[in-house]
Amino acid sequence: METCVYLFTGHYGSGKTETAVNFAIKLKNMGKNVALIDLDIVNPFFRSADAKDLLEAQGIRVEIPLYANTNVDIPALTGAMGALIRDETYDIVLDVGGDDLGTKAVGRYSDDILSRKKYAQFFVVNPNRPFTKEIRSASEIYDAIEAASLIKCSALVGNTNLLEDTTPQVILEGLPLLNQLSAEKGVPIAFHAITASVADRLIAEHGELFNEENIIRINRTVKRLF
């Protein structure tokens, strides 16, 4: 069975870490051999290293930066990560740091990623975040991340939310920006990351827009430290 490297990029606070973690769990539940690599060395407050025990308990291999979850200010990426990315026996999920600065870590492994037969870079967007609520700024961030990673974006991931205040209407109000960005960049919306209770309501009430194929249900797995 052909495997893939999935990169989750986006602006700070876009929800890419929570999305990457839940995506890895979904792949595992589909019977795949999955590894998640935390490349976020920029934001120490919200990263997939926090979900390491949960993921490993489900049989998902996790590689985190050296000294992650310690008092060291700047964790370091390891050489083992490149070897794992090249391993065709794994579906790899990469949780990438925010913006072009965090995405530069991908550039270090771009040759490893491009050596794989299949890879996909997802740009995670929350239209309710300050710097991605307007099409112009969202487009600029998309371009900067694509340039820094040295890899073309394959698709968008909609992660429209207001945390606990998210409702179906909030999700619907985020669609115009997502659709506009999708059209401008010529890439599809791969799926929407939505909390389970809201996802069920959307499928029931707006089945013409949302279904089991284009939604990943999000369960909160990563702790916030601020």
Counting only residues that are crowded, with 20+ Cβ neighbours inside 10 Å and more than 16 Å from I25 (Cβ to Cβ), which one in region 49-67 is modelled with the highest pLDDT?
E63
Do we find that Q169 is surrounded by fewer than 15 Cβ atoms within 10 Å (Cβ to Cβ) and either free of Cβ contacts under 8 Å to residues at least 24 places away in the same chain or of a type outside the set (S, T, N, Q) (or both) in this structure?
yes
Anything in region 70-110 that is among the acidic types (D, E) and either crowded, with 19+ Cβ neighbours inside 10 Å or at pLDDT below 95 (or both)? List them, or say none.
D73, D91, D95, D99, D100
Taking the stated definitions as given, is S154 surrounded by 15 or more Cβ atoms within 10 Å (Cβ to Cβ) and either under 14 Å from G98 (Cβ atoms) or touching a residue at least 40 places away in the same chain (Cβ under 8 Å) (or both)?
no
In region 89-118, what count of residues is obtained for those that are in contact with a Cys (Cβ under 8 Å, 6 or more places away or on another chain) and hydrophobic (A, V, I, L, M, F, W, C)?
1
For region 169-211, which positions are small (G, A, S) and either farther than 19 Å from T132 by Cβ or out of contact with any helix residue (DSSP H, G or I) (no Cβ under 8 Å at 6 or more places or on another chain) (or both)?
G174, S182, A183, G186, A190, A196, S197, A199, A204, G207
Test for E164: is it at negative phi, touching a strand residue (DSSP E or B) at 6+ places or on another chain (Cβ under 8 Å) and surrounded by fewer than 20 Cβ atoms within 10 Å (Cβ to Cβ):
no
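The values are calculated or read from the model by the stated rules, or taken from the named source; none is laboratory data. The model shown is predicted, which means the values in this text are computed figures rather than measured ones. Counting neighbours? That spans all protein chains shown, and the Cβs are built from the backbone with ideal geometry, glycine included.
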